Amino acid sequence: MWQEALIKTKPGAEGYVFVPVRPQLPSQPYALQTVGEKRYLRFKRTYSGWECSLLSFFYRAPQNKLRGSAATPGMPGFLKTYSGDVLIGYLGTGRVVLYKYKNGSREHTYGNGGTSLRPGQRTLTGNTASSPQGTTQCVEYRACSWLLTCPRPYSFPEFQIVHNDGEGTCIEPWGTTLSCGTETVYHLGAWNTYRLCDGGEGDGDGDGDGGDDNGDIDPDDDNNPPLPPCEGMNAQNQIPAFKAAQNELIAKTSGNAEYSYAFNDKHDFSTYVGTPGIPGKPVVSMIYDKSIPLDGISHNHYVECLDVHSGGDLKAMFDIMKDGHMRDDKAFTSSLFTQNGVDYSIMITNYNQFLNFGSIWLHDVDAVISLENLYYYDRPGGIGYKNSAVSASEKAFLSMLDQNGAGITILKHDRAADTWTTLSVNDQNEVVSTPCL
Amino acid sequence: MKNILLLTLVLVLSTNSLAQRNSAAKAAPGGGGQALPLASAFLGTWEWHSGTDVFRLVLTRDTSYPFPNGVLYSVILGRHSYVKNGVVIEETFTKSPNTPQAWSLLTIPREEWRLFMGFMDQKKDKRGKAEIIIDPATPNQMSFSLKEPTGTVSLNTEYVRGFTVPTTMTLTRVP
């Protein structure tokens, strides 16, 4: 509704254009759909150019999750009198931030104003929340990653990854939907906890524009770099309970069923939850306490199974991550002990790449079917080629992960020496082994 | 003027989409340097009967089927129905052709007379692996066996055993 656009200017170069967005038909782009809320495209003129974002005002609360009200329904009164929740989705980055508004102005919150953030004042602590230290002026936030999908029959192949921040918890980005509208399903991926301390002033500029948002925390900031895979694997290899589970699973590779262990950071064998599979079926359930984040999973393959991790195995690791059951994605291991005397462990070495890979190939069973059709076939060159040597399956598996930029590192176990080696493929498509020292 | 610009944008996007859809599908891996087989003998309608129980399978080719990564491949798709004691237990024929996941079987053919197809059990919402074989000497008969796919992991739920449809059948081509 360009004819109803509202132009607001500020002293200097900044200025805003608000364009109301009306409900659209499902066939139109999801970004322009509206379900139970008022939406505006906001074009913000800054000193460096234009920034476009989608503002969702929850005038009528969708799904009763977020709500707000305004004394004046029409423009510009609506923007001046609105109180409640506003989601701002930055179209350039896909990032979504939830703000609280009162009478058209953003309420005072830490972390919203561009001047409130000082890089030295925040600490990223992985997925473990920690309390403020020695000050009552700190507020804890979570920078959260969400995978958006549609339920059947919508779900193939649409998905979207968005990031948002929530005070103390992760809140679904309700204002961002796919073509399935309110049926959009929000899967929580990993989150990082950070604290903001001292002087976090919202801009409170009274114009209902959401103010200056330059202070967003970017969860992709690499202040917490991944643990080198070897370091993580060597540390794991020193844990008696992990070794005990490993030995038991190796022993079971000669049977006719898969077994699994899921374990957490207590490193106590009592916290390893072992689950037997179904004899004669290459399947296994992993049962664990969802309230305790996992450090890793291990399972075995018997004679009829693949030499390497299956698409289902990759999906299990992806599901644990997106469901928020991974204590630390940088140290999580999925280990596999096989009937051929070869063992592998996979670790996430690039979170965003793995999230993207999983969002394409692992987000539902149909996607896994496609992945397995394309790469796990029982023909020469296929990961599942039964007549090939283990090394051929290994190479095909490595190539598949490499071609897709999966963000995963593979480690191979030498049972005799009980050491691990990282594997990769070089430009000549040769497998390169780098021993963990 | 703005409406004209919007209309132009929509037309450009639509044309691009159509052009992509009609472009040649990418060659799938697995041919060992050779072109992959067409496996045309499998295309058509097939049925299995046992008393009043009927399993019906229709296999078609889609030469430019979009995979989750956006790449187009030539595939064989299947839809099926299963009627037990005169009651439709599950079927995928009435799904709109425009509906994603309308198929219940999918494969990139890599052999002329044998297909391994990913299978989606509609009622149990689980995947399976169907091995379908035609003996060239009897091209109007097809053996169908359904197995658990290798490497299925279920998290915090007991594994759902078995399938809704019979797991071993000999189907006959329907003229």
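Tabulated data for the structure shown
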| item | result |
| --- | --- |
| Cβ-derived FRET efficiency at R0 56 Å, A:LYS102 paired with B:ASN69, nearest 0.05 | 0.80 |
| The range A:299-404: relative contact order as a whole-number percent, Cα under 8 Å and 6+ apart | 25 |
| In the B-A interface, the accessible area buried, summed over both sides, Å² (probe 1.4 Å) | 3700 |
| Threshold 40 Å², the range A:379-394 residues less accessible with all protein chains present than alone (1.4 Å probe) | A:ARG379 |
| List of the range A:344-378 residues, accessible area with partners at least 30 Å² below that of the chain alone (1.4 Å probe) | A:ILE360, A:TRP361, A:VAL365, A:ASP366, A:ILE369, A:SER370, A:GLU372, A:ASN373, A:LEU374, A:TYR377, A:ASP378 |
| Per residue accessible area in Å² of the range B:29-174, where ligands, DNA and RNA are left out and the probe is 1.4 Å | 43 |
| Amide H within-cut-off set for A:GLN339, under 5 Å, with H built and near neighbours excluded | A:HIS301 |
| Within the accessible area of the range B:29-174 (1.4 Å probe), percent carbon and sulfur | 53 |
| Overall form of the range A:279-353 per C-alpha gyration tensor (a/c, 1.5; a/b vs b/c) | prolate |
| Residue-span extension gain [A:ASP427 to A:SER291] - 0.36 nm each, minus C-alpha spacing | 44.6 nm |
| HN-Hα J in Hz across the range B:60-66 - Karplus 6.51, -1.76, 1.60, θ = phi - 60°, x for Gly and Pro | 10, 9, 10, 7, 9, 8, x |
| Separation of the A:SER254 and B:VAL83 label points, Cα + 7 Å toward Cβ, nm | 5.3 |
| Net charge over other residues, Cβ less than 12 angstrom from the Cβ of B:ASP53 (K, R count +1; D, E count -1) | +1 |
| Cα gyration tensor shape of the range A:333-398, rounded if a/c is under 1.5, else prolate or oblate by comparing a/b with b/c | oblate |
| Accessible carbon and sulfur surface of the range A:321-437 relative to its total accessible area, %, 1.4 Å | 44 |
| Order by protection proxy (mean Cβ within 10 Å, highest first), peptides B:157-168, A:388-399 | A:388-399, B:157-168 |
| Residues A:GLU231 and B:GLU131, FRET efficiency given R0 of 41 Å [Cβ-Cβ distance, rounded to 0.05] | 0.40 |
| Charge tally in the Cβ shell below 10 Å around A:GLY358, where Lys, Arg are +1 and Asp, Glu are -1, A:GLY358 excluded | +1 |
| Label-point separation, A:ASN340 to B:SER40 (7 Å along Cα→Cβ), nm | 3.7 |
| Efficiency of FRET between B:THR172 and A:THR169 - r from beta-carbon atoms, R0 35 angstrom, step 0.05 | 0.05 |
| Residues losing 10 Å² or more accessible surface upon assembly, the range B:61-78, compared with the chain by itself, 1.4 Å | B:TYR65, B:PRO66, B:PHE67, B:PRO68, B:ASN69, B:TYR73 |
| Which listed pairs, of A:LYS281/A:LYS322; A:LYS243/A:LYS412; A:LYS290/B:LYS123; A:LYS412/B:LYS129; B:LYS126/B:LYS147, have C-alpha distances above 20 Å, in listed order | A:LYS281/A:LYS322; A:LYS290/B:LYS123; A:LYS412/B:LYS129 |
| Radius of gyration and maximum dimension Dmax of the range B:29-174, Cα, Å | 15.5, 48 |
| Shielding by other protein chains, A:282-295, mean Cβ within 10 Å | 3 |
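The values are calculated or read from the model by the stated rules, or taken from the named source; none is laboratory data. Computed from a predicted structure; not experimentally measured. Counting neighbours? That spans all protein chains shown, and the Cβs are built from the backbone with ideal geometry, glycine included. Only protein heavy atoms, including side chains, enter the accessible area calculation; ligands, DNA and RNA are left aside. Shrake-Rupley method; radii C 1.70, N 1.55, O 1.52, S 1.80 Å.
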